[in-house]
1. Can you give the relative contact order of the chain as a percent, counting alpha carbon pairs under 8 Å and 6+ residues apart?
2. Using the Cβ atoms and a cut-off under 14 Å, what net charge is assigned to the surroundings of Leu34, where Lys and Arg are +1 and Asp and Glu are -1?
3. Within the chain, which DSSP H helices have Cα atoms that stretch 24 Å or more along the helix axis and a mean Kyte-Doolittle hydropathy of at least 0.0?
4. For the chain, list the cysteines whose Cβ sits under 4.7 Å from no other cysteine Cβ?
5. Could you compute the net charge surrounding Ser135? Neighbours are other residues with a C-beta less than 10 Å from the C-beta of Ser135; K and R count +1, D and E count -1.
6. Where Lys and Arg each count +1 and Asp and Glu each count -1, what net charge lies around Ile216 among other residues with Cβ under 12 Å from its Cβ?
7. Counting only Cα atoms, I'd like the Rg/Rh figure for the chain, Kirkwood definition for Rh.
8. Find the percent of Cα-Cα distances in the stretch 16-110 that exceed 17 Å, and round it to a whole number.
Amino acid sequence: MTIATEPIGSLPRSEALRRALAAHARGTLDDTDLARHQEQAVADTLAQLERVGSPVLVDGEQSKPSFATYPVAGLDTLSPDGAVIPFADGHTRQLPNITQGPFRYRTRAESYLRAAKRHTDRPLKQAVIAPSALSLLYPAEPIEGYPREEFLRDLANEAEADIRGCLDEGAHAVQLDFTEGRLSLKLDPSGGLLDDFITLNNEVLGRFSPEERTRIGVHTCPGGDQDSTHSLDIDYAELLPRLFRLKAGNFYLELAGEAEPERVLSLIRDHLPPTARVFVGVTDPVNPEVETPEQVRDRVLLAARYIPVAQLGTCDDCGFAPFSDDSSTTRELAIAKIDARVRGTALAEEALGL
């Protein structure tokens, strides 16, 4: 396709996998059988994305415990009392804290990519968590013998290895999930925390060559969990100029859920680096209504009035189940929205004469 289109990452888990996870939690299913169910769910996800014509595939994060904390899941050096993320509907998610150093990933994203490659030869995209998100794992009270500065050095090294492992494994694209970008402006309206996040992420991104960065992107959204968001009330204008300072070749931006899309598009036009591609969200996972291909087409055509087609792509606003929420949005609904995105992007190409 001339206008690139890509999924963001997570899909609700299959019903069979949900039953297997429940049995595993009860102790009636062992690790080997759970892994078999996870592999089957990945294979089914890839097959469904191929069926709707998605030119780039993802594994749907069927095996990830969480998009944010997969690198540290299972570590015995964590406490559960970390940063709390409040959502607009009143529910919260909480991150853990590390309790000692040195900080090391227990799981790298390349392992998920390698597993997915067993089931397809199509281009595969791999989402990784941005180092800025994991910087929130360091507690407010310094850890004796392991200062924050040392933690951040270890974190940058681990994040670089996570990205590089995916590139070396042949990922079509590697996407840094940066949902905390907009949230940081709620936590610190001065923008100081966001500036710290940008600096840390650029420390990692700057270690890659310009050619490598054409395969690296950054995704941002106001959060999406249980059909609610954590920072949609924060003005995009406070984020986008800083966001585009990131040394990435691609940007995946939530847009379908915005009340004033043309205002956001004008901001993108004014700040998008000349060598970067921006994927604008044309389906809204938080909205239970399935977009029609014609609605998607019109959203793409609107974006093309502000963004050069050579720099334009489409995506979903965010993942459909980033915190393993498999019930608010059904798997069938998510696939239907992806189908509409693919078909609507193709209709926009036709309308533009591409």
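1. Details: 669 pairs, mean separation 75.1, N = 354.
It comes to 21 percent, rounded to a whole number.
2. Details: positive: Arg13, Arg18, Arg19, Arg26, Arg36, Lys64; negative: Asp30, Asp31, Asp33, Glu39.
Net of charged neighbours comes to +2.
3. Values: long enough: 31-51 (30 Å, -0.90); 148-168 (29 Å, -0.73); 331-352 (32 Å, 0.13).
In the chain, the long hydrophobic H runs are 331-352.
4. If one checks each Cβ against the other cysteines of the chain, Cys166, Cys315 turn up with nothing under 4.7 Å.
5. Values: positive: Arg148; negative: Glu180, Asp196.
Net local charge, Ser135 excluded: -1.
6. Details: positive: Lys125, Arg164, Arg207, Arg213, Arg215, Lys247, Arg277; negative: Glu160, Asp162, Glu211, Glu212.
Cβ neighbours under 12 Å give a net charge of +3.
7. Values: Rg = 19.3 Å, Rh = 20.4 Å.
Using Cα coordinates only, the ratio equals 0.94.
8. Values: 2905 of 4465 pairs.
The share of Cα pairs beyond 17 Å in the stretch 16-110 comes to 65 percent.
Quick note: the coordinates plus some simple rules give every number you see, no bench work behind them. Note that the coordinates shown come from a computational prediction; the quantities given were computed from them, not determined experimentally. We place every Cβ from the backbone using ideal geometry, glycine too, and count neighbours over all the protein chains shown.
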